[in-house]
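What follows draws every value from the coordinates through simple rules; no lab data is involved. None of the values given here were measured: they were computed from a predicted structure. We place every Cβ from the backbone using ideal geometry, glycine too, and count neighbours over all the protein chains shown.
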Amino acid sequence: MRKFILTLIILLFSISIFAHGPTPQKVQESVTVNVSPAKAWSVIKDFSEFKKIMKTRSFDDEIMKIKYELLKADVPFSDYNAYIIVKKGTNDNESVIQWTARFYRVYKLNPPIPEGQDDATAVAAVKNIVGPGLANLKKALESK
Amino acid sequence: MITRNKKFILIVLISFLLALIYFYSNYYKVNPKAYITNQGDNTVSVVNLNTLEVIKTIEVGIAPLGITILNKKNLGFIGNVGTDDISVIDTRTDQIIKTIKLNTAPLSLTSSPDESKVYVTDWFKNNILVISVKKMKVIDSFKVGKTPSGIIFNEKYNYLIVTNRDSNTVEVYNKNNKLIKKLATGKHPFGVYTKDKYFYTANVYDDTVTVIDLENWSTKVIKVGAHPYNILTHNNFGFVTNTIDDSLSVIDLKINEEIKRINTGETPENLDLHLELNILVVTNWGSDSISVYDLKNLNLIKEIKTGAQSRSFGDFILQ
């Protein structure tokens, strides 16, 4: 009986990895910092706070863009993919750092959607990572 | 004298008639246009492909995604995932002329070559809905495999072809809605295209494209970029949107290999062509824009800001 339940749980879990609903959600936020783009870029690539929650998928030094997958488990969203790009600010010592996340809600099947597994919960949770994440990055960059 | 007055009146009448004809022909002149479904702000951006400007923003239902354009009938059908309905647009005036209520979320749409029917994939209930264009309502439905995603009509064989995203298969239906063939694809097949005897689908999780010969059912797999979403072909070249690489893969179909990669906007999802203007249009979900490329040299002509989370899954250009 236990084996059967275990198999069922594993099956359900593996199905959930590969399926998602039809509407990807988007969170895109920016922060302006008083450091040069080159400086911002070098710090971002190694920023420990990001490394704790996201794994680097690829990066492009020329356009200063880094792509991430999620490391953190047990989150109320799924299929998370994000990229951070550093753009020039209004002067040489200013940069605009933009973080864009694409993800889906947890619940993949036909509505009605159980509480805590809907689009709104997913969006709120990602905003809660991106907002403070960018704020902490700004603090770290401008304190040096 | 009477004759001169009559002549004068005749000239005025004819001029008025000519002016009327000119006015109406321009009013109803349908410029080549692209219709972009913006899933994030519940609108459709109408882009004039001659001037490359957004000329109108139409408010549709919630979370519009799929689209199909009926060129002969001057109609656009847009599926709204959030409100379980279809907005029908008259492409001469860009006004909504009808909202067709469904009892389910529509994912993608395609039309029969004679434009008498529109087929809709019912994602959650694993159905295909058949809409009569004349009656503007659902007249039939039939069960298919799990999570039907992309749908397209192959004219050569009169096949309706559907990708089943979560079972990694493609199903081929004949004109009587009967399943005649089921084939394995790569992981997570999504966007679809068909031309002559070939069918193509992008396997999102495998970073490949599957090509199926509809005559002998042989399959080929071609490696492309990261998380490809959709594909189309033109003159022995295939074009694939790589949503994570932010690029377009160019495939040489004579050797079935990727030969070039071109930068796009962020998270490019879907694509369509205008043959006369010789351009390729890509929708960029991440940059809320579309990128317009010259088909001859694949140079970027312009990136145009549209609405939030531009997608347009399906065919979205009015020829």
Projecting the Cα atoms of B:Thr241, B:Thr185, B:Asn31 onto the charge dipole of chain B, where Lys and Arg contribute +1 and Asp and Glu -1 at Cβ, the residue farthest towards the positive end is B:Asn31
For B:Lys72, the lysines lying under 23 Å Cα to Cα, once residues fewer than eight places off in the same chain are dropped, come out as B:Lys29, B:Lys33, B:Lys56, B:Lys98, B:Lys117, B:Lys134, B:Lys135, B:Lys137, B:Lys156, B:Lys175, B:Lys195
Debye intensity ratio in log₁₀ form over the Cα atoms of the stretch B:139-228, taken at each q of 0.13 Å⁻¹: -0.37
Springs between alpha-carbon atoms under 10 Å, Gaussian network over chain B: tell me which of B:Phe16, B:Phe199, B:Phe153 tops the mean-square fluctuations. B:Phe16
Let me know the whole percent of all Cα-Cα pairs from the protein assembly as shown that are separated by more than 43 Å. 19
What is the ratio of the Cα radius of gyration of chain B to 2.2 N^0.38 Å, with N the residue count, to two decimals? 1.09
The protein assembly as shown - charge dipole about Cα centre, Lys and Arg +1 at Cβ, Asp and Glu -1, debye rounded to 20: 900
Residue of A:Ala38, A:Ala73, A:Ala82 that the Gaussian network model of chain A assigns the largest fluctuation, springs spanning Cα pairs under 10 Å: A:Ala73
Given H placed on each backbone N at 1.01 Å, which residues far from B:Ser108 in sequence or on other chains put an amide H within less than 5 Å of it? B:Thr121
With charges set only on the Cβ (+1 for Lys and Arg, -1 for Asp and Glu), what does the dipole of the stretch B:49-200 come to about its Cα centre, in debye to the nearest 20? 580
Net charge dipole size for the stretch A:22-143 [Lys, Arg +1 and Asp, Glu -1 on Cβ; Debye, nearest 20]: 120
Name the residue from A:Gly133, B:Val118, B:Ser167 whose Cα lies farthest towards the positive end of the charge dipole of the protein assembly as shown, charges +1 on Cβ of Lys and Arg and -1 on Cβ of Asp and Glu. B:Val118
How would you rank B:His234, A:His20, going from fewest to most other Cβ atoms within 10 Å of each one's own Cβ? B:His234, A:His20
Between the helical axis of B:2-27 and the dominant principal axis of chain B, each derived from Cα atoms, what acute angle in degrees is found, rounded to the nearest 10? 20
Short to long, in 5 Å steps from zero, the percent of alpha-carbon pairs of the stretch B:66-206 per bin is 2, 11, 21, 24, 20, 14, 7, 2, 0
Order by neighbour count: A:Ser30, A:Ser42, fewest other Cβ atoms within 10 Å first, most last. A:Ser30, A:Ser42
So the compactness index of the stretch B:1-149, its C-alpha Rg divided by 2.2 N^0.38 Å, takes the value 1.42
Exercise: per-residue mean of other protein chain Cβ atoms within 10 Å, A:24-30: 4
So if R0 is 45 Å, what FRET efficiency would A:Glu94 and B:Asn235 give, r being the distance between their Cβ atoms, rounded to the nearest 0.05? 0.45
Once the stretch A:22-143 is represented by equal point scatterers at the alpha-carbon sites, with solvent omitted, what log10 I(q)/I(0) does the Debye formula produce at q = 0.12, 0.16, 0.17 Å⁻¹? -0.46, -0.75, -0.82
Least to most buried among B:Thr194, B:Thr241, B:Thr110, A:Thr90, by other C-beta atoms within 10 Å and fewest first, runs A:Thr90, B:Thr194, B:Thr110, B:Thr241
Please compute, for peptide B:83-96, the average count of beta-carbon atoms on other protein chains lying within 10 Å of each residue's beta-carbon. 0
Starting from the alpha-carbon convex hull of the stretch B:29-78, give the projected area averaged over all orientations, in nm². 3.5
Please report, to one decimal in angstroms, the Kirkwood hydrodynamic radius of the stretch B:206-307 built from all distinct Cα-Cα pairs. 13.7
Highest-fluctuation residue, B:Tyr198, B:Tyr229, B:Tyr157 considered, GNM on chain B with Cα pairs under 10 Å: B:Tyr157
